[in-house]
Structures are given as structure tokens and as C-alpha cells.
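Presented below is the structure to which this report refers.
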Amino acid sequence: MPKELTYLEAIREALFEEMRRDPKVFVLGEDVGEYGGAFGVTQGLFEEFGDARVIDTPISESAIVGISIGASQRGYRPVAEMQFADFISCGFDQIVNQAATLRYRYGGRTSVPIVIRAPSGGNVGGGLYHSQNPEAWFIHRPGLKVVAPSTAYDAKGLLKAAIRDDNPVIYFEHKYLYRRAKGTVPEGDEIVPIGVAATRREGDDITLLTYGAMVAPSLEAADRLSKDGVEVEVIDLRTLSPFDKDAILQSVEKTSRALVVHEDVRTLGIGAELSAVITEERFDSLDAPVMRLTYPDTHQPFSHVLESYNLPDVDKITTALRRLAAY
Amino acid sequence: MPTIKRTKFKLTSEQLLEMFYWLKLIRAFDERLSILVRQGKVRSGVYTGIGQEAIIVGTCFGLRREDYICPLHRDLGSFLMKGVDPKVMMSQMFAKTTGLSQGRDSALHSGVNELGIFGNTSMLGANLPVAAGLALTFKMEKTDNVVVAYFGEGASNVGDFHEALNFAGVQHLPIVFVCENNLYAYSVPVERSMAIDDVADRAESYGFEGVAINGNDVLAVYQSTQGALARARNGHGPTLIECKTYRWHGHSEHDKAFYRTDEELAMWKSRDPIPTFTTFLLARNVLSTEKLKEVEQRVTATIDEAVEFALNAPDPAPEEAVRDLYA
């Protein structure tokens, strides 16, 4: 029976179902045990699965990742929680040097089935160290997969896919969406495959590429443009590495214009890569340069006034779309 | 907390001879590698453990196939003792397809899950959280297998050391932490990287026993290891064994090691673990001049065969450079 869940509940449901399905799946991280996680994502897991499979760790992000890698080498599928995506920098070496390279330097004789859940994103008054979107660091590193769901449905289906994937997957869950995004989520094994984008709105005039918390304001902006007679196709990337190149290029062939919207900062964000790929591979289809609307190259300030200045929103996306439509 | 029992773990004459063979083989393997580097036949990535062999032989001797080792960059001998064919290890150093990495990386950056060997990165100490993860799975499975994790005194200053040993202490994991204190972290002497004399003292702050022993005495290393293994197998958690030793060569083969004196090197060469053990075996009639010759011939033949094999093994196909990133 499908049911209405929040994004956060959908993540939790995926954890419950995967842990019931596969005894090799376990959870570790800071405060994930009896406390149920800083955001409550892991609530109830400890009661059902006990301290052997729901492991409270010391404040040791590097060890959390390293332990996950070690367990994965014995056939386990650990799901590690970074309390905030901002803290992932403390486990960076284990992710980019240990996990990402392991299969390569073993000559393909091993794999690293770990998931690192990273609550990311701003618009929650978190300030510099509770608001970051560090996805580009990991997209840049071969050997990792990176996903970022925008709906409750995808939050569940992508986490299940990530847990069953034999590679290290960084799962960016957006904190703003935790309780705000709600939707129908099927019970059981509804997998959202890694590497497949979702077209959230069809349109012939502009392709808007986005993900995470930027999907909802992008759709709203697209509705505004529709009133002007401009139909925007909104593609939710869902997976950032490897991104769904076919879906992106097909849409651009149709629309001839593309805007990338992301909450990550501008320079060398995924927008830069998508722009380069579209330009290299579909230059002849384009009627305008690929444009970007992103967070500016700065930090995530605490003040609501300051943060709002930085965050892409419906108005800013609308302006960017109009500019692109008029190019 | 129970202290390490200095029980005499009995060794038969055959076992003592086997230990002797390993000491000789590992020394000869590294010496040959050193020559091969000078001849330009092996490009780089050679970090010999000449002078430190007693640590590897004393700790690896009698390990189970199921036990896991997490070696450091000088511990090529541990791969051999855990069951990797010398031909494969030589191929690894020659970057051939018959090596563990199949040319992807040099040195000991590859492992063999089936033999219980984890291959670390160049980030020293980064193997320790992985070791904790491996040991965690042994604990989960309630087996009495053990992880033996190696690091240098230099790596004991890395954050991963603290995170891993702390977690291992909290979780009472079946690990033996083996510190190979060779007095230099590349060029920096131990007194300039630590304000205490013994790395072993650090164990106390993690809630388990640490001992400092003569790392050039293979039997002392063996006795201590057997005690620590027994504790770990019986659920008494980790032990840190600090083996005081000295590396005869530079940090790597290109390092002339001008930061230390000839007198210091000569003093440590007088504590060479191999002649000490040879004298012991001869005095006990375990070894005879004939047997010694036999062992030396066997060692030379094994290494000649390995070099021959590696020299003639194929280079990887160029396009292998971009394969095996994802499972």
C-alpha cells in the first residue's frame, strides 16, 4: 500500500526495509543509536536491530568512514551517517583516497559497497558549518557515486539503490526537505536506479537542470514562465555522479536552451561540468549559451537576510529563465 | 584489566626453522628490490623493511588465513607470510599484470581479501580505522579471528590513529596494534615528533594494554604477539605492541638518509635480528651449517624465480588505465 511520507520518514523506511532484508546492512554514526540521530532519521532502528547493527560512534568522522570500508571488505554494507554534510571534510581522506581508489588499486578484485549519508543544504539557519553543499568535491573524484534526492519517493528508492550498489555512494539528503517534502511512497522494493534523471515537467523551450531543494522552486518558476508562453522542461538530476547525460542531451536537442540551477557554489560546481558537456556535445543544437544560477562563491551566512541574498529562489530562477528565453 | 601473560608459546624445531626461512626470504626480497631500483628495473615505490624483519615474522607467524592483516608500507614480508606468491609480489613491484594491482599502483597499495590482507594508501595510519572495521565484523560474527594492524611511530601522530584506537578500545575489538618504531618518520627523529618515549604509553588512554619490546628479537615479538592474540581471541580486546627497531635504508630507496650518523647505523646493524636468531638456532642445534646453506639456496632460488617471472610478465594494456573504477 502506498502511503504519504515525509522525505525524512522515507529515508528511515528505506533503512528499516534494507536492514530487514539484508543482515549485512548496518548503520553507524554519531548519535544514531538510542537517540535516533540529530534529525531523528534513525529513530527506532536501535530498538529493532540493537547495538550490534546500529552503532553509536565517537566523534570520529574519519574512523566512521574507515570502519565502513573495513566492514565492506568482509561483505558488509554499512550505511554511515555524517551528522552534517559539512563534517564530511573530517572523513575526506578515507572517502577520496581509501574508498574511491580501492577497487582500482586491487586490480578490480574487490568492491566497496558503502553508503555515506550526508545531510546537506541551507535555508535552515545553520550558518557556515551546518548548511554546506559539498557535492562537487566528490563528483570530481573518480570511483565515487553521488546522489541527491528531491522527493520522498526518490529519497527512499535512491537510498535502497545506494545500499545495494557495490560502490561507495555519497547520499546527500537535503535538510530543508526533511519535513517539508512529502509524497506518496510505495511500500517495499521500489528502487530508483542510480544514474537516471527524472523529468519533473515537460517543455519545449528551455531545459532546466537541477536537483535537491532547488527542484521545487524551479518548478514554480517554470509555471510562471508558462504564463509568458515559455515552456520549461525541468529535469531533476537525482544522481550527480554519474549524471544522466542521455536525458540531458535529449532535452537540450529539443529545447536548444539550458539553465543549470544549484545550491552549491558556482565555480566548478556541477553546473560548470554540465555546461561544458552540453557545449561540447550539442553545440549545434544551442540557440543560447548554457547559463547557470547558483549560490555565489561565498560561505553560508547565519543571518536570514544574508542567506536569502545568496540562495537561489523562485524569483531568481524566474529572472534567469526570462533572461535565457530572451537571449 | 589482565596484563599480557609472558607465557612461553612453545615452538618446535620445524617452526623455528620456518621462522628462520621467512626472516631470510624477506631480507633477501628487499635487498633484491633495492638492487632492482638501482638498476632502473623497478621504477619506484620501494620502501624496504631491512632491519625490521623480526617484527613481521614474529607477528605473522602462526596467523590464521581468516585473521586479517593491515600492513604498512615496509611490510612486504607480511604479504608473503599471509600466502601471496613471491612471483605475484615481485610482479607488483614491476607494475606487471601479474601483480596485485595489475600496474595500477606500486608498493603495497593492494590487498587480497581471500587471504586476509588489506592494502593501505600512502596516507600512513589510514589503515587503522579500516582495521577497526574489519575487527568489528569479527566481533559481530562472534568469531575469534583477529586483525593485526601495523603502523609506524610516525603514524601514531596522525588523527586516524587516535580515532581507530579509541573506537577499538570502546568496542573491545579483537585487534593487535603493532607499532614498528624505527625511530625516524622519513627524516624526522622520534624525539622531534613525540614528547614521550614510548608509543606503547598511548594505549593506556584508550583503555587497553601497551607494551614496548625489542623489535629485533623475533622470539620476543612472537611471544608478545601470541599473548595479545590470545587476549583478542578470548574477547579481551585490543593490545598495542610497540616494537623498537631501526630501518637500515632510507625512507625509500632514493633517500640517502643523511639525517642520521654512520655510528648510529652501525650500532643498529650490530643488532641485526637475523644473526642473533641464527646464533640462537645454531646453539640449540636446530640449525646446522648444511641447513643454513639449504635455506639460503632456497631463498635465492625463490627470488630468482620471482624476478624472472616478473621480468617476463606482460605490461598492462594501456586502456586498463581507465578501467576498474566501478564495480
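Here are a few things to note about the model shown:
- Note on A:ASP51 and B:THR261: with the Förster distance fixed at 41 Å, the Cβ-Cβ geometry gives a FRET efficiency of about 0.15.
- Cα shape, the protein assembly as shown, gyration tensor, a/c 1.5 rule: prolate
- Dipole moment magnitude, nearest 20 debye, region B:13-312 about Cα centre, only Lys, Arg, Asp, Glu C-beta charged: 520 debye
- Dipole size of region B:198-327 about its Cα centre, with +1 on Lys/Arg Cβ and -1 on Asp/Glu Cβ: approximately 620 debye, rounded to the nearest 20.
- Dipole orientation for region B:222-327: of the candidates B:SER252, B:PRO316, B:THR276, B:THR276 has the Cα lying most toward the positive pole (charges on Cβ; Lys, Arg +1; Asp, Glu -1).
- For B:LYS244, the aspartates and glutamates whose Cα comes closer than 17 Å to its Cα, not counting residues fewer than 8 places off in the same chain, are B:GLU53, B:ASP75, B:GLU153, B:GLU180, B:GLU191, B:ASP197, B:ASP198, B:ASP201, B:GLU209, B:ASP217, B:GLU264, B:ASP272.
- Counting DSSP beta bridges with both ends in the protein assembly as shown, the antiparallel % (nearest 5): 20 percent
- Counting beta carbons within 10 Å around each of B:LEU63, B:LEU292 and listing the fewest first gives the order B:LEU292, B:LEU63.
- Look at the alpha carbon pairs under 8 Å that are at least 6 residues apart: their mean separation over the length of region B:206-327 gives a relative contact order of 21 percent.
- Residue order, fewest to most surrounding Cβ atoms within 10 angstrom, among B:PHE280, B:PHE151: B:PHE280, B:PHE151
- Cα gyration tensor, chain B - rounded (a/c under 1.5), prolate or oblate: rounded
- For region B:88-175, the set of GluC sites (Glu not before Pro) satisfying both a DSSP loop assignment and a count of at most 15 other C-beta atoms within 10 Å is given as B:GLU141.
- For region B:1-100, the Cβ-based charge dipole about the Cα centre amounts to some 100 debye (Lys, Arg positive; Asp, Glu negative; other atoms uncharged).
- Per-residue mean of C-beta atoms belonging to partner chains within 10 Å, peptide A:71-79: 5
- Dipole of chain A, positive direction: furthest Cα of A:VAL65, A:THR210, A:ILE191, with charges on the beta-carbon: A:VAL65
- Cα gyration tensor category, rounded, prolate or oblate, for region A:18-151 with a/c compared to 1.5: oblate
- The mean number of Cβ atoms from other chains found within 10 Å of a Cβ in peptide B:168-174 is 2, as a whole number.
- Chymotrypsin sites (Phe, Trp or Tyr not before Pro) restricted to region A:168-255 and DSSP loop, no more than 15 other C-beta within 10 Å: none
- The mean sequence distance of close C-alpha pairs (under 8 Å, at least 6 residues apart), as a share of the length of region B:13-312, puts its relative contact order at 23 percent.
- Only helices reaching 15 angstrom along their own axis (Cα) with mean Kyte-Doolittle hydropathy no lower than 0.5 count here, and for the DSSP H runs of chain B these are B:127-140, B:273-283.
- Furthest towards positive pole of dipole, A:LEU240, A:LEU274, A:PRO301, structure part region A:215-327, Cβ charges: A:PRO301
- Label zone at B:GLU141, where the point sits 7 Å out along the Cα-to-Cβ direction: region B:63-97 residues whose backbone N lies under 15 Å: B:64-69
- Unsatisfied cross-links (Cα-Cα over 29 Å) in the set B:LYS82/B:LYS139; A:LYS175/A:LYS316; B:LYS96/B:LYS139: B:LYS96/B:LYS139
- In chain A, Cα pairs under 8 Å separated by at least six residues give a relative contact order of 17 percent.
We did not get these values from a lab; they are worked out from the coordinates using the rules stated. Just so it is clear, the structure is predicted and the values come from calculations on it, not from any experiment. Here the Cβ is made from the backbone with ideal geometry for all residues, glycine too, and neighbour counts use every protein chain on show.
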